[in-house]
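To start, the structure under review is shown below, and the notes come after it.
The values are calculated or read from the model by the stated rules, or taken from the named source; none is laboratory data. All values reported here derive from a predicted model rather than from experimental measurement. Note that we place each Cβ from the backbone using ideal geometry, even for glycine, and neighbour counts take in every protein chain shown. Accessible surface areas use protein heavy atoms only, side chains included; no ligands, DNA or RNA. Shrake-Rupley method; radii C 1.70, N 1.55, O 1.52, S 1.80 Å.
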Amino acid sequence: MSARRVSVAVPVALDRALTYAVPDDWEQPPAAGRRVLVPLGSRALVGVVRSEHDPSPPERLKEVLADLDDDQPTLTAELLTLCEWLADYYVAPVGEAYRLALPGLLGNADARTAHVTEEGRRALAFAGPLLSRGAAPLTAPARRVLEALIEAGPSGLPVARLSRLRPRVPLRLLSELQDQGLCTLAWADAEASPMRTESCFRRTDLLWGGAADEERLKQHIGRSKQRRAILDYLEGQRDAVDGTPDDDGWVPIGELRGPFPRARELLAPLVVAALVAQQERPRRLDPFATAPAPDRPQVPTEDQASALRTLTADVDTGEFRSALLHGITGSGKTEVYLQLIAHVRAKGRGAIVLVPEIALTPQLADRFRARFGDEVAVLHSGLTPHQRLDAWHQIRAGGRPIVIGARSAVFAPVPDLGVIVVDEEHDGSFKQEDGVRYHARDVALVRAKGLSIPVVLGSATPALETFALARQGRHRWLQLRSRPTPRPLPQVELVPLTVHRPDPASLLTGRMRDAVDEAVRRGGQAILFLNRRGFTTDLLCEDCGSRQQCPDCSAPSMTYHLSRHRMMCHLCGHIEAAPQQCRSCGSAKLVHGGVGTERVELALAKALPGLRVLRLDRDAARGRQLLQTLARFRAGQADVLVGTQMLSKGHDFPGVTLVGVLQGDHGLGLPDLRASERTFQLLTQVAGRAGRGAVAGRVLVQAWQVEHPAIVFASEHDYLGFAEDELPRREALGNPPAGHLALVRIHGTDAGAVEQRAKRLAAGLRPRMAQVRAAHPSDDPAAPPVVMMLGPLPSPIERINRRVRYQLLLRARQRGPLRWLLGELRPWLGVEGSGEGETMAIVDVDPQTML
Ligand code: ADP
Ligand code: ZN
Ligand code: ZN
């Protein structure tokens, strides 16, 4: 009877899939990859049918409510296999892994629109026991649904609205009505909906002041950090950089949904309280929807030609191959991707290009669209859920064979995929840091292997994991050794802060100030880089010495923002008016310490009068503002751009002749095994921003530890030197790439419960560790064991958003034993306990951050 039941991946945090019975009147079970509506508790959820069966399902199974797909299953067999691998490798709930491959709307049964059919109208008109001609009479809830649908007219009613009817109508009732032919349920389609307007929101002038308004604001906002943050976001869109914000601060709901998925819900009480105004306004165009002028392939350099010969041959052989395309910034990697993809397209096949953050690098997308026009789908974070679904349909139908996007684009359903490119493969944004903690580069490799196609990993500063594999010959190592244009790499000068003291407000040393002055006087532009946002990073009490802390987090995470006189916590999003008095002793003598980008921006204008300064960080530039700031700087409307690491991404600024790093060793103090590598990458990337135009560039790096290898090698543009220096250190400790890590995190509001749970997990693992060690003895008695456990210990940041955090680090010489251990751990993960004592345990496989 196994054929009459199906295993369904349901998007809930369960460590397994659920098994459902197939209704008796269905001819056959729904095929793997189809979306089905299934009951779970009192809810009806959208799940995906898996290709496997649960070997021991409970005896009494609930029935599948409805099959939601039309002709083809939503997920292809290939993506199903990939999702199963993700759930297994990342020790993640199978339903959450499946959800990664579904566009948001398709996983949400409420996103459908219901229409009444003729049959439905008749059934309602003749409803009544006498006239029902043998058919079962309509129940009262069914009648209410049909009445509501008839009233809604030809545009139909969103299911979300129907499920708000009172008394409630269950989702399964809608499926039943559909099965009886009384109504239709369609997934909303962006193209079909003639919506020319969208809801926009704008911060009003009410309660927009300092501490005096704080109490009244809190009454409206309650304790919701998200609500406070969305209000702040809207304020940010009103006081744009130069005081003439575009659209007068109206922000469309689609833009808000990115950072705030529950935006409407959050905004409702704010609109009622008149803190936020709402208006229907004409829909704005997708900024990536207008096509740039077409361009032609460049004649490849010798290195490019040789890389292309290898890569096109890989495409032709129809085997899985992976290559590291290693070349300094400006060495022509993008041109190689473009010509490789042209080759793939000539064979009628498709391509996926993963980039760190598409919104930050519009020119890259432009170059692809200039070459391939409408064949390119750009999946960026500014798309509305409908636009995203629309793009997904176009991709799956083969209408957009080239997909460019950030991390999640690795799941794009491109038919007959021919190659996957991962640009800037070392970038931290490829790792998802919540939910399923996958690394898109590694998923790309696994997907490509399953499809027998090549992968190209491009970088100027490859992750050491990637480099180590290239050196072992497991990735091909293709190098672009010089720039195709006769532009030398910029010269990097180190400025020791121990010798040249920086101005406390601007952080500029005399040398840096002179360099900025000179660059600007010669008609160039400068970028100043500081990896700290805000005005100052500390507000200290002069009397008792205490730091004004975030009430909900343990680290000194609050920064002061002058423009809005706010303190903000970068860990949990807590925002409040800056205190007038010390919270510990009440003293009014609060002083600023630690300089952020906002302060540098203001101090610069004082240090060099007449200078036109722009700032780019998460506070100054969000959403569209970000693109505007970048465009204005590129157009020469400012002399200096001050910014955080957002600036280091692949922006191309032809006018920039000077790049200044204000504190190059800022990240070296972090308790993170990759601190050195990150610093090296960041400095190298930032330095690459200088001299991309006609004039040779200059780079000044201010730092305290000018002799640190990360800084010295970066200043010499010496990747290999850095790698040779750093790898032995990793080897000595068994850290990646010499070993493999998995971080078990435990958190909850009750410190005692968290610590207890962490200890229990460790106790459960210990005998299994002994088992693993016995099975993998080492020849060398001095060598460390195959698997080690460090902890349990409080995490370096012990508390975030009132939750206490513990961790347990597993470090292994070999992947196999580690994966076995994680498999043993799986059933113990997830939520445990309830109320205040509730704790959560998750695993982060191949963690990128240990904080
Ligand atoms: P990367 O992706 O490695 O940073 P790009 O592909 O962006 O490098 O190339 C840097 C610059 O050099 C671009 O302006 C590009 O148009 C130009 N370029 C690339 N390849 C060639 C070539 N073969 N001949 C001339 N110019 C080239
Ligand atoms: Zn004090
Ligand atoms: Zn906080």
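What to note about this one:
- Listing of strands (runs of 3 or more DSSP E) fully contained in the range 298-402 that carry 2 or more residues being under 30 Å from LEU105 (Cβ atoms) and under 28 Å from the mean Cα position of the chain (by Cα): 350-354, 376-379
- Some residue of the range 568-576 being out of contact with any Lys or Arg (no Cβ under 7 Å at 6 or more places or on another chain), modelled with pLDDT under 75 and open to solvent by less than 30 Å² (accessible area, probe 1.4 Å): no
- Lone unmet requirement of (1) in contact (Cβ under 8 Å) with a residue 60 or more places away in the chain; (2) within 23 Å of the chain's Cα centre (by Cα) for GLU84: (1)
- Yes/no for ALA342 being within 16 Å of ligand 1 (Cβ to nearest atom) and open to solvent by 30 Å² or more (accessible area, probe 1.4 Å): yes
- Elements of type helices (runs of 4 or more DSSP H) in the range 73-142, at least 1 residues being modelled with pLDDT under 90 and either of a type in the set (Phe, Trp, Tyr) or in contact with a Pro (Cβ under 6 Å, 6 or more places away or on another chain) (or both): 94-101
- Selection status of LEU14, open to solvent by 50 Å² or more (accessible area, probe 1.4 Å), among the aliphatic types (A, V, I, L, M) and out of contact with any helix residue (DSSP H, G or I) (no Cβ under 6 Å at 6 or more places or on another chain): yes
- Inside the range 308-339, residues that are of a type in the set (D, E, K, R) and open to solvent by less than 30 Å² (accessible area, probe 1.4 Å) make up a count of 3.
- Residue ID - modelled with the highest pLDDT, chosen from residues in the range 606-644 that are open to solvent by 50 Å² or more (accessible area, probe 1.4 Å), over 19 Å from HIS380 (Cβ atoms) and not charged (D, E, K, R): GLN637
- Pairs with Cβ under 7 Å, 6+ apart, first in the range 24-44 and closer than 17 Å to VAL10 by Cβ, second aromatic (Phe, Trp, Tyr) and buried (at least 16 other Cβ atoms within 10 Å of the Cβ): VAL38/TYR20
- Qualifying residue in the range 66-73 (condition: surrounded by 13 or more Cβ atoms within 10 Å (Cβ to Cβ) and touching a helix residue (DSSP H, G or I) at 6+ places or on another chain (Cβ under 7 Å)): yes
- Subset tally (residues that are part of a helix (DSSP H, G or I) and more than 17 Å from THR76 (Cα to Cα)) for the range 403-420: 1
- Residues in the range 793-851 that are touching a residue at least 60 places away in the same chain (Cβ under 8 Å), in a strand (DSSP E or B) and among the polar types (S, T, N, Q): GLN807, THR839.
- Filtered residue count, the range 74-94, keeping only those that are in contact with a strand residue (DSSP E or B) (Cβ under 9 Å, 6 or more places away or on another chain), farther than 24 Å from LEU741 by Cα and surrounded by 20 or more Cβ atoms within 10 Å (Cβ to Cβ): 3
- Of the residues making up the range 268-295, just one is within 16 Å of ligand 1 (Cβ to nearest atom) and either modelled with pLDDT of 85 or more or touching an Asp or Glu at 6+ places or on another chain (Cβ under 7 Å) (or both), namely PRO292.
- All of (1) open to solvent by less than 70 Å² (accessible area, probe 1.4 Å); (2) at pLDDT 90 or above; (3) farther than 29 Å from GLY823 by Cβ hold for GLU724 with one exception: (1).
- Boolean, CYS550 is within 16 Å of ligand 2 (Cβ to nearest atom), at pLDDT 75 or above and crowded, with 17+ Cβ neighbours inside 10 Å: no
- Among residues of the range 799-830, those that are closer than 11 Å to ILE746 by Cα and either open to solvent by less than 70 Å² (accessible area, probe 1.4 Å) or at pLDDT below 90 (or both), counted: 7
- Count of the range 450-459 residues which are open to solvent by 10 Å² or more (accessible area, probe 1.4 Å) and at negative phi: 2
- Selected residue [open to solvent by 20 Å² or more (accessible area, probe 1.4 Å) and in contact with a Leu (Cβ under 8 Å, 6 or more places away or on another chain)] from ARG407, ARG396: ARG407
- Test set (1) open to solvent by less than 40 Å² (accessible area, probe 1.4 Å); (2) outside any helix (DSSP H, G or I); (3) in the same structural domain as GLN685 (by TED's automatic domain parsing) - HIS717 fails condition number: (1)
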